[in-house]
Amino acid sequence: MPAFSSRRIEQFQTSITAIVDGMLDGIEKNGPEFDAMKDIGAHLVVDALLTAMVAMDERRKAIFVAFHDLIPGTTYVKPGQPWAPELRQAFDRTMEEVKVIIEERRVAPRPDFISDLVNARDAGDKLSDRELFDQIFGICGASLSATSRAAGGALWLLYTHDEQRRQLIADPALIPEAIEECLRLGSNGYFTFPRIATRDTEVGGTQILKGMVVRPSPLSPNYDPDVFPDPLRFDIHRKPKRILSFGAGPHHCIGNILGRTAITIAIKRLLARFPKAHMIDPNFTPVYGGAVGELRLQSLPMRIH
Ligand code: HEM
């Protein structure tokens, strides 16, 4: 947990801001057209998070990005079928790199979240070697993509609601609450990871038998009309509380503060820098991809002015 405390995340804010500004410089240089998903959403993972959190160099980032991009493919492999060779290769390469990263931090700890995890284990915490490896592998390669997916959802909502976006440009103090509303309505996917029922039970009138695989949806409670009246209406003034976009219980997202921070910084800087930015085609139809259950907006073509 110390690796993801608000104090630790505050340390990232300056570097995430600098990286986001660099992304916007690139957009301005190559503009006036840009793709908000490719030029902002994807970079949030690679640059803002991997650079700010783990200070990865270009070679290492390329390994994690290749792995990250291929992950959705794992959910389309049928039982008994082998993985595609490029998928296997990307996983093996990433696993090797994680081992090297752990060794590096053991020899020379740094003030970053990987050293925090290594120290947590070495201080007698319950993380075994295998768990330590899995945490770093999962966080650097897989979990980060949730942030780019959620950023895509936020961009889509903000750029299809011109009047509300104008209010945020006029009063940036409203942005953090607006991001909460974006996360409520258009987050990163429809399902959590699968669970297996350990006993017979009943949830909301549905019988669940021991051994059944269950994939709860964090988004469906976000659309509950008893909690959020007129739930499909996007309203930056709603100030939603207790959204389930980050799951709940023991597996509640450990990166929730970091994810929120990265998206808030990206949106704040984008709105301040390009207040006239808009979608090129007002009738643009979003196309989603990603792993089963994920909402990964494929592209969002925009213009700076
Ligand atoms: C806005 C961005 C993000 C969203 C919407 C999100 C969403 C979620 C959700 C719904 C879960 C629960 C999954 C389940 O219960 O099966 C989860 C778990 C997790 N998330 Fe995130 N996440 C985000 C960002 C991040 C970031 C930036 C990191 C790491 C740096 C991260 C690391 C994790 C980890 C490690 C878990 C598993 C925790 C456990 O199983 O104990 N997430 N996330």
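The values are calculated or read from the model by the stated rules, or taken from the named source; none is laboratory data. Since the model is a prediction, treat every value here as computed from it, not as a measurement. Cβ placement follows ideal geometry from the backbone for every residue including glycine, while neighbour counts extend to all protein chains displayed. Just the protein is used for accessible areas: all its heavy atoms, side chains included, with ligands, DNA and RNA removed. Shrake-Rupley method; radii C 1.70, N 1.55, O 1.52, S 1.80 Å.
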Name the residue that is nearest to the ligand (Cβ to nearest atom), counting only residues in the range 238-248 that are free of Cβ contacts under 8 Å to residues at least 40 places away in the same chain and over 22 Å from Cys140 (Cα atoms). Leu244
For Ala248, all conditions in the list (1) modelled with pLDDT under 90; (2) of a type in the set (Gly, Ala, Ser); (3) closer than 26 Å to Ser299 by Cβ; (4) surrounded by fewer than 19 Cβ atoms within 10 Å (Cβ to Cβ) hold save one; what is the number of the exception? (3)
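Which is open to solvent by 10 Å² or more (accessible area, probe 1.4 Å) and not in a helix (DSSP H, G or I), of Leu157, Leu127, Leu174?
Numbers: Leu157 fails: not in a helix (DSSP H, G or I); Leu174 fails: not in a helix (DSSP H, G or I).
That would be Leu127, the only listed residue that is open to solvent by 10 Å² or more (accessible area, probe 1.4 Å) and not in a helix (DSSP H, G or I).
Report, by residue number, each residue of the range 265-279 that is touching a helix residue (DSSP H, G or I) at 6+ places or on another chain (Cβ under 8 Å) and either free of Cβ contacts under 8 Å to residues at least 60 places away in the same chain or of a type in the set (Val, Ile, Thr) (or both). I'd like the intermediate steps shown before the answer.
The initial filter retains those residues of the range 265-279 that are touching a helix residue (DSSP H, G or I) at 6+ places or on another chain (Cβ under 8 Å), namely 265-275, 277-279.
Passing the criteria: Ile265, Ile267.
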Where a residue in the range 138-167 is more than 17 Å from Arg303 (Cα to Cα) and its partner, wherever it lies, is among the basic types (Lys, Arg) and more than 9 Å from the ligand (Cβ to nearest atom), with Cβ under 7 Å and at least six apart: Arg149/Arg296
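Scan Leu219, Leu185 and give me the residue that is more than 11 Å from the ligand (Cβ to nearest atom) and either under 15 Å from Glu294 (Cβ atoms) or crowded, with 18+ Cβ neighbours inside 10 Å (or both).
Leu185
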List pairs: first in the range 249-261 and under 14 Å from Val45 (Cβ atoms) and within 6 Å of the ligand (Cβ to nearest atom), second open to solvent by 70 Å² or more (accessible area, probe 1.4 Å) and modelled with pLDDT under 85, Cβ under 9 Å, 6+ apart or cross-chain? none
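Does Ala62 count as open to solvent by 20 Å² or more (accessible area, probe 1.4 Å), of a type outside the set (Val, Ile, Thr) and closer than 23 Å to Thr14 by Cα? Quick ask: steps written out before the conclusion?
Numbers: open to solvent by 20 Å² or more (accessible area, probe 1.4 Å): yes; of a type outside the set (Val, Ile, Thr): yes; closer than 23 Å to Thr14 by Cα: no.
When the stated conditions are applied, Ala62 does not pass them.
Within the range 213-237, work out how many residues are of a type in the set (S, T, N, Q) and either more than 22 Å from the chain's Cα centre (by Cα) or in a loop (DSSP other than H, G, I, E, B) (or both).
We begin by selecting, within the range 213-237, every residue of a type in the set (S, T, N, Q); these are 217, 220, 222.
This time we only want the ones that are either more than 22 Å from the chain's Cα centre (by Cα) or in a loop (DSSP other than H, G, I, E, B) (or both), so: 217.
Going through the range 213-237 one residue at a time, the tally reaches 1.
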Number of the condition not met by Asp224 [criteria: (1) more than 30 Å from Ala272 (Cα to Cα); (2) at pLDDT below 90; (3) surrounded by 10 or more Cβ atoms within 10 Å (Cβ to Cβ)]: (2)
Which residues, counting only those in the range 57-73, are touching a residue at least 12 places away in the same chain (Cβ under 8 Å) and not charged (D, E, K, R)? Ile63, Phe64, Val65, Ala66, Phe67, His68, Leu70, Ile71, Pro72, Gly73
Restricted to the range 6-42, and to residues that are free of Cβ contacts under 8 Å to residues at least 40 places away in the same chain and within 16 Å of the ligand (Cβ to nearest atom), which residue is farthest from Leu144 (Cα to Cα)? Arg7
Determine which member of the set Phe234, Phe274 is touching a His at 6+ places or on another chain (Cβ under 6 Å), away from the ligand (no atom under 15 Å from the Cβ) and open to solvent by less than 70 Å² (accessible area, probe 1.4 Å). Phe234
Give the number of residues within the range 74-90 that are in contact (Cβ under 8 Å) with a residue 24 or more places away in the chain and open to solvent by 30 Å² or more (accessible area, probe 1.4 Å). 3
Those residues that are buried (at least 20 other Cβ atoms within 10 Å of the Cβ) and not in a helix (DSSP H, G or I), I need them from the range 1-46; list them, please. Phe34
Whether any residue in the range 98-112 is within 26 Å of Ile71 (Cα to Cα), part of a helix (DSSP H, G or I), within 12 Å of the ligand (Cβ to nearest atom) and at pLDDT 80 or above is what I want to check. no
